[in-house]
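Report on the following structure.
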Amino acid sequence: MRKFLAIFTKDALLMLRDWPGLAILFIMPAVLLIIITFTQESTIPSKKSGMRIGIADDDSSGFGQALITDLVSGNWFNFVILGSGAEAQEAVREGECQMAVIISDNATERLFSILDRDSADSSAAEVVFLYDPGMQRIFRDAVQMSVTTLIQLTAIKILMLEYTGEVNRSIREHSDELNSRLAGTDFMKGIPAFPYRDNIARKIREEMAKINTGGPEIMLPLSPSFSEELVKVREEAAFAKSSEFMPGVLQNNIPAFTLFAMFFVVIPLAGSIINEKTHGTFDRMRTLPVTFLQVSAAKVMLFVAICTLQFIFLLFIGKYVMPLFGEESTFDMHVNMPALAAAVLSSSLAATGFGILTGAFASTHGQAATFGSVMVVILALLGGIFVPVHVLPEVLRNISYISPLRWGTDAFLGVFARHSGITGILTEVTLLTGFFILSVLLSISKFRKR
Amino acid sequence: MVMKPVITVRDLVKRYNNSGETALRGISLTVHEGEFLGLLGPNSAGKTTFTSILCGLITPTTGTVTIFDAGIPGSINRIKNRMGLVPQEIALYTGLTVKENILLYGRLLGYHGEALKKRADELTDIFRLEEHLSKLLLHCSGGIKRRVNLITGIFHSPELLILDEPTLGVDIQLREMIFGYLSELNRKGTTIIYTTHYMKEAELLCSRVNIIDNGMLIADGTPSELISESEGCADLGQVFLKLTGRDLRD
């Protein structure tokens, strides 16, 4: 027992004196717990999330007004009322809204034309569901399904109101006509006058008027050509070069998980730096006729090349391997190549910078590996790799602005989903490159302190 | 014949900011061309701090260091090609083979092509490493690692060679080989600074010995001078103990 206690005490002391190790063991899981909980709560887009959905009423009539009332009073999402379809397009492009519902011109008229059996116009009323292609499909679909259900319900409500009004009008007209016919009929003619004759005749007329003699045909007079939904909901990606562009799951996942993989270079890169520090090779390099720039540039070049290869590899998987497993989503590679190169290079630099920084400050492989991998998961959660940033609670959304993975995700989605050019992703590229430079400067300062 | 000074150190002080410890307290010395200087001292005497300053790895707090007329650390890059360092630790890449390590350091020292191959072959032949060239350093014995560590410090035949306990943990056979090689280099004109805890090594190899203790230079002379000047001492070990005492050091 004494030996056991001695060994236990030894291990406990060693552990207690390893402050970075303890911080990793206790602080990192706490941060993970908080962030993952918030993230999971946000997996279904709701009013609590930061997702904003614009509504534009180009119809400006019964259906449009009723739909806006129903959407807003439904309290499901954060709706923003916009002036027109064009304004909605702009709001989605500028990132003010992630999606928009545009009620097309003449929607009410077209909806009511369903009731007109003689109408030759068979085109249904249309609502455009405009979305940012950077939004992951699962979340887009969740919102679209809810909104579409409400659109159809509103359409049914409007139609029923119109139809019941029509039926009531028709019944009234029919009974008025019957009454007038009865009033004009002298069925007592030829019957000798007797007391109460007129009273009896009036009574008979009144009772006959109450009898349903066939009346109007009560059925929903749908136009013969009508066979589908009441309102056609058309999906449309903002930023698309052509209306045929429909980004699939891969269009989001390939850039997102490439970025995730890139940042995992922190483990081999930090490990390599720690090896150099502990084996004395780093100091020995400093005694050789080699500059610090040559030593660090070689490492940066290698890991940037590895990150680029990761990107190409995952691109290959998405393009050629996923279809073998029945994945039908097409991956569109018709993107702005200089912008893509800038996104890959700046993300690779940022990932490499993160690895160098971790290697400079960590003392052991264990610290670097645990801190590095957990940090990458946290930055990925905040960066919109697993869940779009817009569905996160406000506090996490604000924190996410400092995640290099968010800048990387935005840059890649800009290229792949929004078809941006270099200018469209310039902010993200600058932030990623700036992060790399800052990481290297901090690492140099740490190395100099040695 | 008066030899040119290779290293000139004046009033060298090094105080570590983090610990507040003063490792060197005003050391002044000169090392001349062709000297084989033994730098001796008990643990934490300041030997490693001193050699690290010479190599430009640590900046002195005060004092001046000049090597080949270049101020250190400011102008260290100018003379790196003329200096060689064999550190105490095996500062090599365990994931590379013996040959790859040797070639890497050769290239970093400015060798390439046929000259690189020729020099690498020459050194692997001298240190009998031919059979081990393709082995990963990770799988090599301590003796092989020591030999490669030495080769990478002398690859470019430096004019000034600084060795920090190069025979730590090696067997007598290898020790003899290293001594022979270093003596040969010194005979050909290489100035050598050699730190060691083995007094016999210093007595055998060094033309001059400096003893450092508590960050100060406490003895300077040839081994025979130091022995003869210390009453009752028959060898350098006894001189060392007499000067530094028998108290254990940190």
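We did not get these values from a lab; they are worked out from the coordinates using the rules stated. Being a predicted model, the structure only gives us computed values, none of them experimental. Cβ placement follows ideal geometry from the backbone for every residue including glycine, while neighbour counts extend to all protein chains displayed.
Annotations for the structure displayed:
- Here's the picture: charge each Lys and Arg Cβ at +1 and each Asp and Glu Cβ at -1 in chain B, and of B:F155, B:A219, B:M3 the one pushed furthest to the positive end of that dipole is B:F155.
- Residue pairs exceeding 31 angstrom between C-alpha atoms, taken from B:K80/B:K117; A:K3/A:K446; A:K277/B:K47; A:K10/B:K99: A:K3/A:K446; A:K10/B:K99.
- The stretch A:247-449: C-alpha pair distances exceeding 21 Å, %: 53
- Each Lys and Arg adds +1 at its Cβ and each Asp and Glu adds -1 at its Cβ; summed about the Cα centre, the stretch A:247-449 shows a dipole of about 760 debye.
- Bridgeable aspartates and glutamates around B:K135 (alpha carbons under 15 Å apart, same-chain partners fewer than 8 residues away excluded): B:E100.
- Mean sequence separation of contacting Cα pairs (under 8 Å, at least six apart), scaled by the length of the stretch A:247-449, corresponds to a relative contact order of 34 percent.
- Taking every residue in A:272-282 and counting other chain Cβ atoms within 10 Å of its Cβ, the average works out to 3.
- Theoretical ellipticity at 222 nm over the protein assembly as shown - DSSP helices of four or more residues, -39500 (n - 2.57) apiece, nearest 500: -17000 deg cm²/dmol
- Looking at the protein assembly as shown alone, DSSP beta bridges between its own residues are antiparallel in about 45 percent of cases.
- Computed magnitude of the charge dipole of the stretch A:333-450 (debye, nearest 20; Cβ of K, R +1, Cβ of D, E -1): 420
- Highest mean packing first, where packing is the average number of other Cβ atoms within 10 Å per residue, the peptides A:98-105, B:232-239 line up as A:98-105, B:232-239.
- In the stretch B:68-149, trypsin sites (Lys or Arg not before Pro) in a DSSP loop with at most 12 other beta-carbon atoms within 10 Å: B:R128
- The residue among A:N398, A:P388, A:L302 whose Cα reaches farthest toward the positive pole of the charge dipole of the stretch A:247-449, with charges on the beta-carbon of Lys, Arg, Asp and Glu, is A:L302.
- Fluctuation leader among B:G180, B:G106, B:G34 - chain B, Gaussian network, Cα springs under 10 angstrom: B:G180
- Couplings 3J(HN,Hα) for the stretch A:291-302, derived from phi with the Karplus relation 6.51 cos²θ - 1.76 cosθ + 1.60 (θ = phi - 60°), are 8, 4, 4, 5, 5, 6, 5, 5, 5, 4, 4, 4 Hz, where x marks Gly and Pro.
- Amide H to amide H, with H built 1.01 Å from N, A:G54 comes under 5 Å of A:V80, A:Q98, A:M99, A:A100, A:V101, counting only residues 5 or more places away or on other chains.
- Computed about its Cα centre, the charge dipole of the protein assembly as shown is approximately 2340 debye, with only Lys, Arg, Asp and Glu carrying charge at their Cβ.
- Sorted peptide list for B:216-226, A:268-278, criterion being average Cβ within 10 angstrom, highest first: A:268-278, B:216-226
- Whole-Hz couplings from phi, Karplus 6.51/-1.76/1.60, listed for the stretch B:193-201; x for Gly and Pro: 10, 10, 9, 7, 9, 8, 5, 4, 4
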